[in-house]
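The values are calculated or read from the model by the stated rules, or taken from the named source; none is laboratory data. This one's a predicted model, so the numbers in the text were calculated from it and none came from an experiment. Ideal geometry is used to build each Cβ from the backbone, glycine not excepted, and the neighbour counts take in all protein chains shown.
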Amino acid sequence: MNFDLTEEQQMIQSAARDFAQNEIAPVAADFDQSGEFPLSNIQKMGELGLMGIEVPEAYGGAGLDTIGYALAMIEICAADAAHGTIVSVNNSLFCNGLLKYGTEEQKQKYVRAIATGEEIGAYALTEPQSGSDAAAMRSRATLSEDGSHYVINAKKSWITSGPVAKYIVLFAVTDPDAGARGITAFMIDTTKAGFSRGKTEPKLGIRASATCEIELEGYQCPVEDRLGEEGQGFKIAMSVLDAGRIGIAAQAVGIARAAYEATLEYVRERKAFGQPIGSFQMTQAKIADMKTKLDAAQLLTMRAAWAKMQADKNGGRFGVEASTAKLFASESAMWIAHQAVQIHGGMGYSKEMPVERYFRDAKITEIYEGTSEIQRMVISRLETGLR
Ligand code: COS
């Protein structure tokens, strides 16, 4: 593993940093307060290539690699994690699976629209009664008698970008007797008949990223909009999540870095008992532990990105690297944001400063795209070979 960044990786990092600091950071608190979806920023990020970082230029993307994607996510999330959530769904959960399993027509139609930021994408796996146990989904897709389309009846919950998405990758059961091998992936066009949205969820954090339930009733999906083969859906869902978890690890690193940097500034300036609070041993210990966890989280995230790039080239899986990065980075972000609030005292609890937002935003990284408990289960299963 080479720690030097390539010229392209440095370019996307600096483009993401400039946009994040100049266009996102100044409005992040307002979007957090209102919960409004930052559509115009997302479209501008699409123009900069940030909505399809790993998507080849032939499909409207930036044609970069996973390290470039992780570096950009860190920069965006250090300014605002909610923007980062939208970026990660478009990049990881939507484009990744289509690039790997989609037909040429599907890539031209769906990847291009999302990678350029013209449209928003979403990924629908979770259901009201099945989150961690994803294979227990109840949504059904039945092939029509003439074999031209599937009729889908589905209810999906916690769909990130659901309120604004034009296209959704959705998973439904095609063979109820086959368990995980009876699930199939479909491309859904939200403007078609049979699709509807429920209420937008009021959330603790990442408030500007819109989330809702969706429902499909008698939705007709042409066979050419099936993604992959019948019965391949669970593997598609899981391998897409492996990639997605690298993005969430990067998001956690971005939030943790912002919380850490705000704390460094504060401990130098804030005085108590006649000296900067950073001179007290109890603060010093916190700063040292925050820095160590932040750097370790970033290194694990870069290793996971690198492992995915090797797998993209040579085949194989990168589940252990993705899950260890996601587990450690998300728990570190929560811990670092917690210490940041504590060190800021009353100011850490106030909306006058961004640390309370970092604290609320950090929590989701331990929950979505697989809870910490699921990451531990995945890592242990892959390491021991036991279930
Ligand atoms: N890549 C490719 N294939 C995978 C895979 C992966 N990462 N993980 C599992 N599979 C395959 C398995 O190899 C198995 O295939 P075979 O039937 O050919 O043997 C199949 O999928 C079923 O796997 P498994 O038996 O491990 O499935 P489980 O039902 O036990 O569930 C967990 C596995 C719990 C790991 C999975 O359901 C999971 O990740 N849950 C969390 C879901 C999640 O992150 N939700 C958040 C939604 S997005 S916000």
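Observations on the structure shown:
- Set side by side, the residues Ala297, Ala337, Ala322, Ala333 differ, and just one is within 16 Å of the ligand (Cβ to nearest atom) and not charged (D, E, K, R), which is Ala322.
- Residue within the stretch 267-285 that is part of a helix (DSSP H, G or I), in contact with a Ser or Thr (Cβ under 8 Å, 6 or more places away or on another chain) and away from the ligand (no atom under 15 Å from the Cβ) present: yes
- Of all residues making up the stretch 214-260, the number that are more than 18 Å from the chain's Cα centre (by Cα), among the charged types (D, E, K, R) and part of a helix (DSSP H, G or I): 3
- Subset of the stretch 216-266 (residues that are among the β-branched types (Val, Ile, Thr) and either under 30 Å from Lys286 (Cβ atoms) or within 16 Å of the ligand (Cβ to nearest atom) (or both)): Ile236, Val240, Ile246, Ile248, Val253, Ile255, Thr263
- Scanning the stretch 182-208 for residues that are outside any strand (DSSP E or B), within 30 Å of Glu366 (Cβ to Cβ) and either away from the ligand (no atom under 16 Å from the Cβ) or touching a helix residue (DSSP H, G or I) at 6+ places or on another chain (Cβ under 7 Å) (or both) turns up Thr190, Pro202, Leu204, Gly205, Ile206, Arg207, Ala208.
- Filter result (assigned to a strand (DSSP E or B) and over 30 Å from Ala208 (Cβ atoms)) within the stretch 168-181: Val173
- In the stretch 188-217, the residues that are within 19 Å of Asp80 (Cα to Cα) reach residues that are hydrophobic (A, V, I, L, M, F, W, C) and assigned to a loop (DSSP other than H, G, I, E, B) with C-beta atoms within less than 8 angstrom, at least six apart or across chains, in these pairs: Ala208/Phe37; Ser209/Phe37; Ala210/Phe37; Ala210/Val164.
- With respect to the conditions (1) away from the ligand (no atom under 12 Å from the Cβ); (2) under 20 Å from the mean Cα position of the chain (by Cα); (3) closer than 17 Å to Gly162 by Cα, Thr211 lacks only one, and its number is (1).
Yes/no per residue for (1) modelled with pLDDT of 95 or more; (2) hydroxyl-bearing (Ser, Thr, Tyr); (3) under 14 Å from Ser161 (Cα atoms); (4) not in a loop (DSSP other than H, G, I, E, B):
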| site | (1), (2), (3), (4) |
| --- | --- |
| Phe37 | yes, no, yes, no |
| Ser40 | yes, yes, no, yes |
| Met45 | yes, no, no, yes |
| Ile53 | yes, no, no, no |
| Asn90 | yes, no, yes, yes |
| Leu98 | yes, no, no, yes |
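- Unique match (being outside any loop (DSSP other than H, G, I, E, B), touching a Gly at 6+ places or on another chain (Cβ under 8 Å) and more than 22 Å from Thr211 (Cβ to Cβ)) among Ala15, Ala58: Ala15
- Test: residue in the stretch 153-160 that is closer than 15 Å to Met51 by Cβ and not assigned by TED's automatic domain parsing to the domain that holds Gly60: yes
- Of all the numbered requirements in (1) within 15 Å of the ligand (Cβ to nearest atom); (2) part of a strand (DSSP E or B); (3) buried (at least 21 other Cβ atoms within 10 Å of the Cβ); (4) touching a residue at least 60 places away in the same chain (Cβ under 8 Å), Trp158 misses one, and that requirement is (3).
- Picking from residues in the stretch 123-135 that are of a type outside the set (Asp, Glu) and within 16 Å of Cys212 (Cβ to Cβ), the one that is farthest from the ligand (Cβ to nearest atom) is Pro128.
- Number of positions in the stretch 198-230 that are at pLDDT 95 or above, of a type in the set (Lys, Arg) and surrounded by fewer than 16 Cβ atoms within 10 Å (Cβ to Cβ): 0
- Which numbered condition Ala165 misses (of (1) under 17 Å from Gln106 (Cα atoms); (2) within 16 Å of the ligand (Cβ to nearest atom); (3) outside any loop (DSSP other than H, G, I, E, B)): (3)
- The stretch 136-145, subset surrounded by fewer than 16 Cβ atoms within 10 Å (Cβ to Cβ) and within 16 Å of the ligand (Cβ to nearest atom), residue nearest to Gly370 (Cα to Cα): Ala136
- Selection count where residues are more than 9 Å from the ligand (Cβ to nearest atom), free of Cβ contacts under 8 Å to residues at least 60 places away in the same chain and within 13 Å of the chain's Cα centre (by Cα), scope the stretch 360-386: 1
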